[in-house]
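A short worksheet on the structure shown next.
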Amino acid sequence: MNKGHIVIRSYLFGAVFLLFLWWGIALLLDLPVIPAPDKVLLKLVRIFSQSVAVHAGFSLWRIAAGLLLAVLIGYPVGVIMGYFPRADRFLAPLVYLTYPIPKIALLPILMLLAGVGEFSKILMIFLIIVFQVVIAVRDAIRTIPVETYYPLYSLGASVRQIFCEVIFPASLPKFITAVRVAMATAVSVLFFTETFGTQYGMGYYIMDAWLRVNYLDMYAGIVVLSLMGLLLFGLIDMAEYVTCRWRR
Amino acid sequence: MICCEECGEKDMIEARHLTVGYSSRSRNNPVLCDVSLTVPQGAVCAVIGPSGCGKSTLLKVIAGLIHPDQGSVLLDGSPVNPKKRKIGFMPQNYGLLPWKTVRENILLGCRMKGEITAATRREAERLCQCLGLEGLERRYPRELSGGQQQRVALARSFLLRPDVLLMDEPFSALDAITREEMQDVFLTLWKQRGTTTILVTHYVEEALYLGQTIVRMSADPGTVAEVIPNPLAGRTEMRMSQEFFARGRELRERIRAGGCHE
């Protein structure tokens with residue numbers, strides 16, 4: 001518990017430090033493009049429930065849907081590739097040849113195929129997260145020493161038991177790390193996709209405020225998008241803390 | 001071949017002409033070459049030999065974890081089948097799952113066999129006390145010392161009440177005093193249950209103290225050099241006797257002679 005307090009205090013300290021840095025730069029430069037944080041935060045409090053909240057909700061939903069889809073497809077594929085070397089020999093070239101393609105470059109094609117609506121945005125996030133998940137899970141399972149399976153093999157465990165007792169817990173830490181890494185990319189890509197073909201989402205909100213030359217709104221949007229990223233990171237960290245107790 | 005002349009009991013473990021070659025090695029230089037051994041129902045067989053003589057491989061073949069290139073293993077007259085048999089296998093690295101607590105690790109064997117009852121839980125607690133593990137039940141393996149991990153693995157094997165117990169250097173990570181205590185714990189449990197056991201060891205004294213038959217293996221290729229009946233097994237009062245030391249010295253000499261083929 002004590003340790004948790006120290007962590008929270010140091011994070012608060014970091015946040016205060018960054019706010020002061022922002023404040024200092026705003027005062028020093030004195031440009032309308034860099035408003036002081038107090039004005040932005042006050043503005044945010046005023047407009048959050050009436051406009052920003054809806055946009056934030058849309059963005060969160062897209063990320064959640066993309067992430068869920070990526071896990072639902074990526075995790076089983078990673079397990080199959082990691083546990084069955086023959087499947088890996090067949091699938092690895094496909095994964096490796098498609099992994100380095102910058103997914104964002106596929107956005108025009110995706111929009112042509114899946115439309116400019118929700119689906120292409122979710123698909124984009126899916127594409128970015130899924131490869132990381134597949135590769136992380138596969139590598140995690142490959143590095144399980146064969147001796148780890150011995151107690152279960154010698155007890156005549158079923159495939160389901162081997163999955164529940166060994167494969168799942170052994171791959172969980174790397175899986176969570178992969179989601180965490182992919183999440184940062186996903187948030188920035190989300191911003192980009194939301195500047196097209198939608199009137200909802202933080203990306204739209206920020207760019208719209210920019211076009212209206214309403215810098216306070218724009219900054220409020222940036223702050224909310226950043227907090228969203230922080231929230232997602234926090235949730236992932238919490239999931240890791242709860243499920244990977246044995247690594248501490 | 002080990003045969004139990006004095007008792008007419010049937011053989012529990014019967015390994016016939018096992019030959020195993022890892023793919024990296026050439027066929028001419030297998031890990032195990034024509035190894036046969038039998039262990040009668042309820043006996044303890046100690047396998048001893050220089051490192052690299054295939055002791056661990058032999059144990060894995062008997063546990064059904066490695067399929068031999070030639071030969072076969074029969075447990076109680078039928079081919080090894082981990083699904084039908086209760087095989088207690090304790091590998092050299094203890095085989096604990098790092099994501100499970102001590103308690104979960106101990107219960108793992110019984111859980112795989114669907115045998116968790118209030119009685120097994122009580123028995124697990126009793127074993128924890130017996131092996132000096134009380135108070136550690138909620139810890140994870142990485143928080144334990146090597147000796148404690150080994151005792152957790154022992155508790156798991158004992159709790160399972162296996163048909164055959166296969167142990168790969170089960171007491172090696174313990175200090176000398178704890179090792180002797182654990183050997184006595186093993187003997188006590190074995191006397192209660194009469195579990196057929198194969199025990200791989202590199203301690204001559206351990207083989208002499210626990211194994212009614214001692215299988216001495218030699219390396220390159222791994223073969224059974226000789227099978228020695230051992231009347232001293234399980235006799236605590238003989239542990240400090242002249243005879244025990246004399247036999248120990250003799251066995252050590254033979255292992256040394258058998259290990260230096262090159």
Handout entry: Only one of B:Thr120, B:Thr101 that is under 29 Å from B:Met12 (Cα atoms), open to solvent by 10 Å² or more (accessible area, probe 1.4 Å), at pLDDT 90 or above and among the polar types (S, T, N, Q)
Key = B:Thr120
Handout entry: Top-ranked residue in the stretch A:152-203 [being within 14 Å of chain B (Cβ to nearest Cβ) and not in a helix (DSSP H, G or I); ranked as most open to solvent (accessible area, probe 1.4 Å)]
Key = A:Ser158
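Pick out, from the stretch B:27-110, the strands (runs of 3 or more DSSP E) lying fully within it that include 3 or more residues that are within 12 Å of another protein chain (Cβ to nearest Cβ). Explain how you work it out, then say what you get.
Details: elements: B:32-40, B:44-48, B:70-75, B:87-90.
The strands (runs of 3 or more DSSP E) meeting that bar are B:87-90.
Can you find a residue in the stretch A:129-141 that is of a type in the set (A, V, I, L, M) and within 28 Å of B:Val80 (Cα to Cα)?
yes
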Problem - Condition check for B:Val152: β-branched (Val, Ile, Thr), more than 10 Å from every other protein chain (Cβ to nearest Cβ), outside any helix (DSSP H, G or I) and in contact (Cβ under 8 Å) with a residue 24 or more places away in the chain - result: no
Exercise for the section: Output yes when any residue across the stretch A:56-70 is polar (S, T, N, Q) and without any contact (Cβ under 8 Å) to a residue 12 or more places away in the chain, and no when none is. Expected result: no
Handout entry: Among the candidates A:Leu69, A:Leu42, A:Leu91, residue that is open to solvent by 50 Å² or more (accessible area, probe 1.4 Å) and assigned by TED's automatic domain parsing to the domain that holds A:Met218
Key = A:Leu69
Problem - Top-ranked residue in the stretch B:208-218 [being closer than 17 Å to B:Ile13 by Cβ and either free of Cβ contacts under 8 Å to residues at least 60 places away in the same chain or not in a strand (DSSP E or B) (or both); ranked as farthest from the chain's Cα centre (by Cα)] - result: B:Gln212
Exercise for the section: Could you look through the stretch B:62-96, keep only residues that are among the hydrophobic types (A, V, I, L, M, F, W, C) and in contact with a helix residue (DSSP H, G or I) (Cβ under 6 Å, 6 or more places away or on another chain), and pick out the one that is farthest from A:Val146 (Cα to Cα)? Expected result: B:Val73
Practice task
Return the residue satisfying two criteria in turn: it lies in the stretch B:227-236 and is under 18 Å from the mean Cα position of the chain (by Cα) and open to solvent by 40 Å² or more (accessible area, probe 1.4 Å), and of such residues it is nearest to B:His202 (Cα to Cα).
Solution key: B:Val227
Practice task
For the stretch A:123-131, state whether one or more residues are at pLDDT 90 or above and either surrounded by fewer than 20 Cβ atoms within 10 Å (Cβ to Cβ) or touching an Asp or Glu at 6+ places or on another chain (Cβ under 9 Å) (or both).
Solution key: no
Problem - Residues satisfying the stated conditions in the stretch A:204-248, i.e. loosely packed, with under 14 Cβ neighbours inside 10 Å, within 14 Å of chain B (Cβ to nearest Cβ) and outside any helix (DSSP H, G or I) - result: A:Arg248
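Quick grid of which residues meet (1) at negative phi; (2) surrounded by fewer than 17 Cβ atoms within 10 Å (Cβ to Cβ):
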| site | (1), (2) |
| --- | --- |
| B:Glu169 | no, no |
| B:Ser241 | yes, yes |
| B:Phe245 | yes, yes |
| B:Gly248 | yes, no |
Problem - The one condition in (1) open to solvent by less than 10 Å² (accessible area, probe 1.4 Å); (2) assigned to a helix (DSSP H, G or I); (3) of a type in the set (Val, Ile, Thr) that B:Thr197 fails to fulfil - result: (2)
Practice task
Being at pLDDT below 90 and touching a strand residue (DSSP E or B) at 6+ places or on another chain (Cβ under 7 Å) is the filter; apply it to the stretch B:76-90 and report the residue that is surrounded by the fewest Cβ atoms within 10 Å (Cβ to Cβ).
Solution key: B:Pro79
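The values are calculated or read from the model by the stated rules, or taken from the named source; none is laboratory data. Predicted model, so just to flag it, every value in this text is computed and none were measured. Ideal geometry is used to build each Cβ from the backbone, glycine not excepted, and the neighbour counts take in all protein chains shown. These area figures cover heavy atoms from the full protein model, side chains too; ligands, DNA and RNA do not enter into them. Shrake-Rupley method; radii C 1.70, N 1.55, O 1.52, S 1.80 Å.
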